[in-house]
1. How much net charge surrounds Ala67 when only other residues with a Cβ under 12 Å from its Cβ are counted (Lys, Arg +1; Asp, Glu -1)?
2. Please list, in chain and number order, the residues 5+ apart from Arg19 or on another chain whose amide H is under 5 Å from its amide H, with Hs placed from the backbone.
3. Using 0.36 nm per residue of separation minus the Cα-Cα distance, give me the extension gain between Ser124 and Arg31 in nm, one decimal.
4. Any chance you could run the full-extension gain for Ser18 through Asp90? It's 0.36 nm times the residue separation minus the Cα-Cα distance, nm to one decimal.
5. Give, as a single signed number, the net charge of other residues whose beta carbon lies under 12 Å from the beta carbon of Tyr128, with Lys and Arg counted +1 and Asp and Glu -1.
6. Considering only DSSP beta bridges with both partners in segment 9-138, what is the antiparallel share in %, to the nearest 5?
Amino acid sequence: MQRSIPDGHVRVSVKFGSRWFAADLPVSQLRSEMGRLTHGLNGARHVDQARGFVTAAMPVIDLLRSAAAGKDVRTVCLAALWVVFHRPPDAQAAQDFFLEIIEFGGCAWVGVSADESGSLASFSYDSYDIAPAHLAEVDTGLQARERLPAHDNRPITAVIDG
């Protein structure tokens, strides 16, 4: 993982049980990346109320679980970010705060944690943090077990087992 988050990127760090996943994702592509991620998943495209969120989130969380098992870092991080940006009652506030950090700092960090089961309940309101990029430095002290090199403007990503 790079020590500094590049301008125009968000570092998404996901603690899933004892495993860590982290990726630097270009902010300009987040909407389309999350759209591609959820394309074809039942109900995951548009969420406008709590009941709709549960219906939409279950296939996204199932996707996150299978991605974690397959060490698909990008999908784990995008799926976790999808949950952060859609979870009621503060989904819009999370998106607005994220955009504010990007506007003023150029980059950001989103940390998400869930238990090993990856249940919807484990993605509670206090299981994520959206913050300025300098707070991501705690992630860089960990030893990466697997590093996936950046290709074609893709971010550097890592899987870290605890």
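1. Charge balance in the 12 Å sphere: +2.
2. Sorted by chain and number, the residues that satisfy this are Gly162.
3. 31.2 nm
4. 23.2 nm
5. -1
6. 65
The numbers here are math on the coordinates, done by the rules we state, and not lab data. Predicted model, so just to flag it, every value in this text is computed and none were measured. Counting neighbours? That spans all protein chains shown, and the Cβs are built from the backbone with ideal geometry, glycine included.
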